[in-house]
Amino acid sequence: MVPVEETMSDFLRECGGVAVIDGGLATELERHGANLNDPLWSAKCLLTSPHLIRTVHLDYLEAGADIIITASYQATIQGFENKGYSLEESEKLLRKSVEIALEARDVYYNRCRETSSEPTPDGIILKERPILVAASVGSYGAYLADGSEFSGEYGDAMDLEFLKNFHRQRVKILADSGPDLIAFETVPNKLEAQAFGQLLEEEGIIVPAWLSFNSMDGINVVSGDSLSECVAIAESSKKIVAVGINCTPPRFIQDLILSIKKVTAKPILIYPNSGESYDAATKEWQDRGVSEKDFVSCVNKWCEVGASLVGGCCRTTPDTIREIYKTLSSRRRSSTHGVDFVLT
Ligand SMILES: [Zn+2]
């Protein structure tokens with residue numbers, strides 16, 4: 001068995017050095033007709049329309065994503081219980097988020113086996129390759145659904161034990177549901193990063209994890225905590241196999257990668273948002289973001305300065321991911337030497 005700390009580097013080697021992460025889930029679910037105006041946000045679809053989640057996962061796989069992230073970002077036992085679900089039902093919904101993604105991967109592999117061409121004329125990429133399912137764990141602020149995942153301000157009374165206990169059962173259930181990775185996403189402050197790191201140890205979680213922060217200024221994480229100190233938490237854990245940034249405007253990404261690189265030799269992941277800003281009060285997106293073309297034109301630069309996993313967060317689409325896949329293809333070809341991937 002591969003030691004947990006080598007799982008990501010092995011995967012990246014199989015991918016030819018760089019891997020593609022999927023794009024925005026909630027915004028795609030809305031495009032497919034889901035109404036997500038709810039504290040559960042994308043997790044609401046676990047209840048109402050799991051088939052849409054599967055469709056979006058498949059769209060991303062067919063756009064070239066090597067890693068798909070489950071719809072559990074805002075899925076918490078406490079959130080489901082607030083909606084009147086029992087503990088048992090809540091745990092079942094968490095498991096379901098992983099099952100849907102695993103199912104989408106199976107469907108994708110079957111489609112690959114049925115066709116041999118790649119890519120197909122309509123831009124669908126059907127290529128057998130290693131694909132990872134990452135179980136999303138959003139921050140405590142994401143559960144609060146009051147925008148505090150974008151401020152990192154949980155109040156002075158907040159402490160490590162509270163955060164660990166808030167996430168504990170959810171992380172255990174997700175880890176036991178068969179994902180390849182746990183994606184701690186949009187982590188807004190150092191305290192929550194510590195909570196995640198300690199939880200992995202305390203609960204003996206054997207699924208490798210990544211830790212992804214967000215930033216509003218290109219220097220610190222959103223709470224104002226030092227990015228270096230946050231990344232150091234990932235660096236000190238063998239169970240955390242990659243670290244990086246998500247849900248942050250593209251214009252900040254390059255500097256953030258350079259800062260992260262000073263603290264860790266672990267693979268760096270980035271999946272920025274489209275650059276539009278989210279207004280937590282109105283729950284709407286404001287401002288115009290960068291164009292898809294501008295976003296994708298940064299991808300090579302980001303890889304040159306140290307990123308090895310690239311995807312998109314809110315408001316990015318399968319088209320964005322398809323362009324990232326195409327952009328990274330030449331990079332992958334030049335770094336792949338005799339790597340054979342056998343689908344088991
Ligand atoms: Zn986002």
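The values are calculated or read from the model by the stated rules, or taken from the named source; none is laboratory data. Predicted model, so just to flag it, every value in this text is computed and none were measured. Note: ideal-geometry Cβ built from the backbone for every residue, glycine included; neighbour counts use all protein chains shown.
Just a few scattered comments:
- Residues in region 146-180 that are assigned to a helix (DSSP H, G or I) and either of a type in the set (D, E) or within 16 Å of the ligand (Cβ to nearest atom) (or both) were compared, and the one that is farthest from L25 (Cα to Cα) is E161.
- Pick from region 24-39, criterion within 16 Å of the ligand (Cβ to nearest atom) and part of a loop (DSSP other than H, G, I, E, B), ranking: surrounded by the most Cβ atoms within 10 Å (Cβ to Cβ): G24
- Every pair of residues 6+ apart whose Cβ atoms lie under 7 Å, when the first sits in region 237-256 and is within 16 Å of the ligand (Cβ to nearest atom) while the second is in a strand (DSSP E or B) and of a type in the set (S, T, N, Q): G244/S212; I245/S212; N246/T186; N246/S212; C247/T186
- Region 309-319: number of residues that are among the hydroxyl-bearing types (S, T, Y) and surrounded by fewer than 22 Cβ atoms within 10 Å (Cβ to Cβ): 1
- G311 closer than 25 Å to A145 by Cα and without any contact (Cβ under 8 Å) to a residue 40 or more places away in the chain: no
- Selection of first residues in region 10-27 that are in contact (Cβ under 8 Å) with a residue 12 or more places away in the chain and among the polar types (S, T, N, Q) and of second residues that are within 16 Å of the ligand (Cβ to nearest atom) and in a strand (DSSP E or B), restricted to Cβ pairs under 9 Å at least 6 apart or on distinct chains, gives the following pairs, ordered by first then second residue: T27/W285.
- Given (1) within 16 Å of the ligand (Cβ to nearest atom); (2) assigned to a strand (DSSP E or B), index of the condition Y143 fails: (2)
- Subset of region 130-167 that is among the acidic types (D, E) and in contact (Cβ under 8 Å) with a residue 40 or more places away in the chain - its residue that is surrounded by the fewest Cβ atoms within 10 Å (Cβ to Cβ): D146
- Candidate set from region 70-96 (those that are part of a loop (DSSP other than H, G, I, E, B) and crowded, with 20+ Cβ neighbours inside 10 Å); member that is farthest from the chain's Cα centre (by Cα): T76
- Residue list for region 40-51, filter: assigned to a helix (DSSP H, G or I), at pLDDT 90 or above and surrounded by fewer than 20 Cβ atoms within 10 Å (Cβ to Cβ): P50, H51
- Remark: pairs (first residue in region 39-50, touching a residue at least 24 places away in the same chain (Cβ under 8 Å) and more than 19 Å from R315 (Cβ to Cβ); second residue among the β-branched types (V, I, T) and part of a helix (DSSP H, G or I); Cβ separation under 6 Å; 6+ apart in sequence or on different chains) = P50/I100.
- Of residues in region 181-198 being more than 16 Å from the chain's Cα centre (by Cα) and crowded, with 24+ Cβ neighbours inside 10 Å, the one farthest from the ligand (Cβ to nearest atom): A195
- For the condition surrounded by 16 or more Cβ atoms within 10 Å (Cβ to Cβ), assigned to a loop (DSSP other than H, G, I, E, B) and hydrophobic (A, V, I, L, M, F, W, C), I125 qualifies.
- Counting only residues that are surrounded by fewer than 21 Cβ atoms within 10 Å (Cβ to Cβ) and under 13 Å from the mean Cα position of the chain (by Cα), region 201-253 holds 0 of them.
- Residues of region 281-312 that are at pLDDT 95 or above, in a loop (DSSP other than H, G, I, E, B) and within 16 Å of the ligand (Cβ to nearest atom): G311, G312.
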